[in-house]
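What follows is a single structure, written as C-alpha cells, with notes after it.
The values are calculated or read from the model by the stated rules, or taken from the named source; none is laboratory data. For clarity, every value in this text was computed on a predicted model and none was experimentally measured. All Cβ positions, glycine included, derive from the backbone under ideal geometry; neighbour counts span all protein chains shown. Just the protein is used for accessible areas: all its heavy atoms, side chains included, with ligands, DNA and RNA removed. Shrake-Rupley method; radii C 1.70, N 1.55, O 1.52, S 1.80 Å.
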Amino acid sequence: MARLLLKLSRATMRVGTPALLVLTGVSLCSLMLITRQVDNTNLFPSKRDLLEGVEFSMLPDLQLSHRSRPSAVSKSGNQKNTRFGSIPVGRKSAPGNKTREISTEMANAVDHQAFIKKAIKERPGRVMYQPLTLAGINVTFLGCYEDSVIPSLRTLQEEFLSDYRRMTVEKCLNHCRKRYFPFVGLEFGGECYCGKQLHRGPASVSDCNVTCPGHENSTCGGVNRLTVYHIHPRSMGRPPKDRQRVELGILRPDPRSRERYLDAETEEAYRGCYPTPPGPGLEQAASMPVRDHLLTPRRCRLSCQQQVYTLALVRNATVCQCLNASATCRLVSASSDGYCNISCSGNERQKCGGPSHMSVYRTEIEDRRCATVGFLPDHSWPLVALASYPGSGNTWVRHLIERATGIYTGSYYNDGDLFNKGFRGERENWLRRNTVAVKTHRFDRAHIEQFDSTVLLIRNPYSAMLAEHNRKYAGHTGLPAPKYYQLNEWREFVDGQSRTWTNTNLNWLQYSRRLLVVHYEDFVRDTMVQLHRILDFLGLPASQDRLICLEADKDGKFKRRRHLEFDPYTSDMKGYTNIYIKTIDMSLRLYNQTRLPQEYAADTL
C-alpha cells in the first residue's frame with residue numbers, strides 16, 4: 001500500500017495538475033476499496049464474534065427451505081460466492097435463476113442477542129445464532145451446549161421426552177412449544193429437553209454429532225451435548241390463563257411449580273433415616289453442627305455443598321451438620337423413616353430427623369473414592385451374565401458392582417438413557433469381554449450358553465411386573481397415572497409377562513454353566529452382604545474406601561420413591577401368577593439354590 005502511494009506521488013511530480021487530480025481520485029478510490037477489504041470484517045464485531053471458530057459444514061442438515069439454508073462458510077468466517085466479509089446468511093431463489101442475499105433474518109436474530117444473553121447464566125464461550133423455520137415454527141439455532149446427567153445441573157430442566165426410534169428436531173420443537181417452553185434441546189439422538197432458560201454454556205458445534213433416528217440428515221445433540229434452539233415469542237402463542245405465561249419471550253413460572261420442583265429434588269436426594277452415631281465418630285468425620293431456625297433439607301444440602309461435603313444431616317428440627325463418611329462414621333444400617341418424624345423448623349411438610357435419628361441427604365458433591373470407573377483390557381475377562389426379568393433391579397445392582405469394583409458393567413442392549421446416567425458399558429460390544437458383567441433379559445438357550453458364568457437376579461413377579469410397566473410408561477424412576485392399570489392392555493401385560501418371568505428364571509436355572517442366584521428382596525434387606533456374595537462369586541476384591549463410599553449412597557439415582565396406592569392385580573391375575581411362583585420355588589430347590597424369600601405371599605409357597 002505504501003509503495004503504491006509513493007509511486008503515485010512521484011508520478012504527479014512529472015505530470016500536470018489535471019493529471020494530479022485524476023490520479024489522486026484513483027488512489028483514494030483504491031485506498032477505500034483496499035481498506036474495505038481489510039477492515040470489513042470489523043464493521044460488525046458483535047456478529048463476527050458470534051461466528052468465530054464455527055464451521056457451518058458441521059451444522060446439522062435440517063432440510064431447510066432455500067430461504068433458511070445457511071451458505072457455506074470457510075474456517076476463517078468468509079462466506080463463499082458472496083461479498084467479502086458479509087454475515088453468512090441464506091439465499092432465496094428468484095425467477096431466471098437469479099439469487100439475492102437475505103439479511104433480514106440474521107438481523108432479526110441479532111435483535112434477540114440481549115434476550116439470549118440474559119437467559120444464559122454461564123457463558124464461557126461464544127453463542128451462534130442462525131434463524132430457521134422448521135415445521136412452521138420460527139426458531140433461532142443457538143448451537144451446541146454442554147449438559148450434565150445430574151438433574152439439578154442440566155442445561156434445560158423443565159420438560160423431557162424420549163423416542164430413540166423416531167425422534168426428529170420438529171417433533172421436539174412441537175413438544176416444547178405446546179408446553180410454552182422457549183428453549184429446546186436434543187441430546188443423544190432420541191432425547192428432547194425443554195426449559196425456560198439455559199443453565200450451562202455453549203460447547204463446540206462438532207460435539208453435537210449424533211444423527212436423529214427419525215431423520216438421518218438431522219443432528220440431535222451428542223454425548224452430554226445438546227443441540228439447542230430458541231422458539232421466537234410470536235411462534236410460541238399465548239398459553240391459557242391458568243398456566244405459565246410468556247412475557248417478552250421469558251416465562252414467568254407459577255411459584256407453586258417451582259416449590260414442587262424443589263420438593264422433588266429434595267426427595268430424590270434423600271438417603272434414609274439413620275441412628276445418630278454414638279461417641280466421637282460423628283464429630284471426627286463431620287462439620288460442626290449448626291442450629292438454623294429456618295432449617296429445611298434443601299438449606300442444609302446447599303450449605304454442605306458449599307463446604308464440599310457429600311452428605312447433609314438434619315435432626316431435631318433445627319440442626320444441620322455435614323458429613324463425609326469414613327471408617328469412624330459409617331452409614332451401615334438405616335432405620336424406618338418413622339424414626340425421623342420431627343417437622344423441619346423452616347417447612348412443616350418436611351421431616352428433619354428425630355430425637356436420636358438423623359435424616360440423611362446426598363449433596364451434589366461426588367465422593368471420589370468410588371467414582372473412578374474404567375474398562376478391563378479387551379478379551380481379558382470371562383463372559384459373565386447379569387441376568388433377570390426386566391424390573392428386577394438389574395440397573396441398581398450394576399450401580400453397586402461398578403462402585404464397589406471400579407469396573408464398568410456391560411449390556412446386551414444399547415440404552416442411551418442409561419449411558420447418559422454414567423453406564424458407559426452400554427455402548428460397548430457385549431462380546432468384547434472388557435466389562436465385569438453383562439446385563440441381559442434374554443432367556444433362550446443359545447444366548448445363555450454363550451456365557452461362562454451367570455448372576456441371576458430374581459424378584460417377586462408382582463413387584464417386577466409393576467416396575468417394568470412403570471418403566472414402559474414413566475421411565476426408570478417415574479410412576480404412570482392410575483388409568484394405565486385399568487385398561488385391557490394391563491390385563492394382557494400381566495398375562496404375558498407372568499409367563500415371561502417364569503421362563504426367564506427356569507431357563508437360566510437349567511442352562512447356566514455356573515450360577516449364583518441372588519434374590520432382590522434379600523438385596524434390599526441386606527445390601528452389603530449380598531454384594532459381597534456377588535464379588536466373591538466374581539473373584540473380585542473391593543477396597544475398604546469404596547465400600548464406605550458405597551454404604552453412604554447405595555441407591556444411586558435409580559430408586560423409585562413413589563409407589564402405587566392401590567392393588568392393580570385382580571384375583572384371576574393372582575391365581576395363575578401364584579402357580580408360576582410355586583414352579584420357580586420348586587425349581588430353585590431342585591437346582592440346590594436359595595429358595596424364594598419370606599417376602600413372597602405365604603399362600604404361594
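Modelled with pLDDT under 90, within 24 Å of Thr395 (Cα to Cα) and surrounded by 15 or more Cβ atoms within 10 Å (Cβ to Cβ): is that true of Ile581 in this structure?
Answer is no for this residue.
Go through the stretch 330-354 and report how many residues are in contact with a Leu (Cβ under 6 Å, 6 or more places away or on another chain) and either among the basic types (Lys, Arg) or surrounded by fewer than 21 Cβ atoms within 10 Å (Cβ to Cβ) (or both).
2
Got a sec? Which of Thr363, Thr318 is in contact with a strand residue (DSSP E or B) (Cβ under 9 Å, 6 or more places away or on another chain) and modelled with pLDDT under 90?
Sole residue among the options that is in contact with a strand residue (DSSP E or B) (Cβ under 9 Å, 6 or more places away or on another chain) and modelled with pLDDT under 90: Thr363.
Got at least one residue in the stretch 407-414 being open to solvent by less than 30 Å² (accessible area, probe 1.4 Å), touching a residue at least 12 places away in the same chain (Cβ under 8 Å) and part of a helix (DSSP H, G or I)?
In the first step, residues of the stretch 407-414 are kept if they are open to solvent by less than 30 Å² (accessible area, probe 1.4 Å); the result is 407, 409-411.
Subset that is touching a residue at least 12 places away in the same chain (Cβ under 8 Å): 407, 409-411.
Right, trim to part of a helix (DSSP H, G or I) and you get none.
Scanning the stretch 407-414 turns up no residue that is open to solvent by less than 30 Å² (accessible area, probe 1.4 Å), touching a residue at least 12 places away in the same chain (Cβ under 8 Å) and part of a helix (DSSP H, G or I).
For the stretch 280-301, give me the residue count where each residue is in a helix (DSSP H, G or I) and within 15 Å of Ser359 (Cα to Cα).
Looking only at the stretch 280-301, we keep the residues that are in a helix (DSSP H, G or I), and these are 281-285, 297-301.
Next cut, within 15 Å of Ser359 (Cα to Cα) only: 282, 297-301.
Looking only at that region, the number is 6.
Please enumerate the residues belonging to the stretch 568-603 that are part of a loop (DSSP other than H, G, I, E, B), of a type in the set (S, T, N, Q) and in contact with a Ser or Thr (Cβ under 9 Å, 6 or more places away or on another chain).
Gln593
Just give me the residues in the stretch 269-279 being outside any strand (DSSP E or B) and open to solvent by 40 Å² or more (accessible area, probe 1.4 Å), in sequence order. Steps first, please.
Filtering the stretch 269-279 down to residues outside any strand (DSSP E or B) leaves 269, 276-279.
Result: Thr276, Pro278, Gly279.
Which of the residues that make up the stretch 379-417 are closer than 28 Å to Asp545 by Cα and either out of contact with any strand residue (DSSP E or B) (no Cβ under 9 Å at 6 or more places or on another chain) or of a type in the set (Lys, Arg) (or both)?
Scanning the stretch 379-417 gives Ser380, Trp396, Arg398, His399, Leu400, Glu402, Arg403, Ala404, Thr405.
All but one of (1) modelled with pLDDT under 95; (2) of a type in the set (Lys, Arg); (3) within 32 Å of the chain's Cα centre (by Cα) hold for Arg491; which doesn't?
(3)
Check Asn394 against each of (1) under 23 Å from Ile150 (Cα atoms); (2) open to solvent by 30 Å² or more (accessible area, probe 1.4 Å) and name the one condition it does not meet.
(2)
With the structure loaded, tell me whether Val517 is open to solvent by less than 50 Å² (accessible area, probe 1.4 Å), of a type in the set (A, V, I, L, M, F, W, C), out of contact with any strand residue (DSSP E or B) (no Cβ under 8 Å at 6 or more places or on another chain) and at pLDDT 90 or above or whether it fails that test.
no
Restricting to the stretch 304-317, and then to whatever is more than 25 Å from the chain's Cα centre (by Cα) and surrounded by fewer than 22 Cβ atoms within 10 Å (Cβ to Cβ), can you tell me which residue is nearest to Ala286 (Cα to Cα)?
Here is the first cut: in the stretch 304-317, the residues more than 25 Å from the chain's Cα centre (by Cα) are 307, 313-317.
Still in the running and surrounded by fewer than 22 Cβ atoms within 10 Å (Cβ to Cβ): 307, 316-317.
On the way: Gln307: 11, Asn316: 17, Ala317: 18 Å.
Among residues in the stretch 304-317 that are more than 25 Å from the chain's Cα centre (by Cα) and surrounded by fewer than 22 Cβ atoms within 10 Å (Cβ to Cβ), the one nearest to Ala286 (Cα to Cα) is Gln307.
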